[in-house]
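Shown next, in structure tokens, is the structure this report addresses.
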Amino acid sequence: MKSLMIGTSWKMNKPLSEAMAYCEVLATHLPPVMHPSIQPFFIPPFTAIQPVSDFFRMHTLPCLTGAQNMHQQEAGAWTGEISASMIAETGATLVEMGHSERRGAFNETDAAINAKVHTALRHGLRPLVCIGDSADEKRWGVSIETVTRQMKIALYGLSATQAQQTLIAYEPIWAIGEQGVPATPEQAAEIHQTLRAALCALYGEEHGHKIPLLYGGSVNLQNCAELAAQPNIDGLFIGRAAWDAADYCAIVQRVVQDFIAKAQ
């Protein structure tokens, strides 16, 4: 039985009061539906990372926390940015980077994301690297080339051991957001199979199969279990369908009941 990471990023939502209310619901609803094969994770806004991390620790909830971005430099005159050491102090263990919204709206490049990956690892943080193809790239038939390039550059210069500490989340741009059309399990499986082959080519079969590949892109209660069942999908990175804590727990329960229980 493979293990699955199931998490969500709250983006620029949930001020502290809402973040803590979410945690209170998790404390009640998550333990009854949990399974040892599932690792929950949550990526709040910067202002809520430490309180959320502290809540999980105090309530012995086996949940990881992360930050939504990080600067690649250790410190300095970078107004408005946050460093890896600052994130590490909050109790977070993950750092999301390379999301399509940051690539598009803030002009983040593949090279900058690679620098962030190296910085995060130096500070004991696990990079969660988002990669994805646009609707045009899908229409032009270059989706595989696009996401493979993004992944290879993000991992450039990493040893096999470092690469295994890095999470890759395939999030097709055409599938995310309110107007997104979810990828079918078959579409997601095809991309993930190609990514897995590229990882094995880079690091060898043994190491390549240990690098987690997550899928994100309009994951919801209806498609979560079938997506999780795909052989090269090691987790789900959920958007707005998990912004309500009870809905997140329902997704975990569906994956446990419809995939994990049947696979045992």
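Every number here is computed from the coordinates shown, using simple stated rules; none is lab data. Worth saying up front: this structure is predicted, and the values here are computed from it rather than measured.
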Sequence-distant residues sharing a close amide H with Gly235 (under 5 Å, placed H): Met5, Tyr215
Top of Ile251, Ile168, Ile153 by mean-square fluctuation, Gaussian network on the chain, Cα under 10 Å: Ile153
Stretchable slack from Ala246 to Ala75, in nm (0.36 nm times residue separation minus alpha-carbon distance): 57.7 nm
Length-normalised contact order of the chain in % [C-alpha pairs under 8 Å, at least 6 apart]: 19 percent
Segment Ala111-Ile144, length gained on full extension (0.36 nm per residue, minus Cα span): 10.0 nm
Within a Gaussian network of the chain (alpha carbon springs, distance under 10 Å), most fluctuating of Ala250, Ala198, Ala75: Ala75
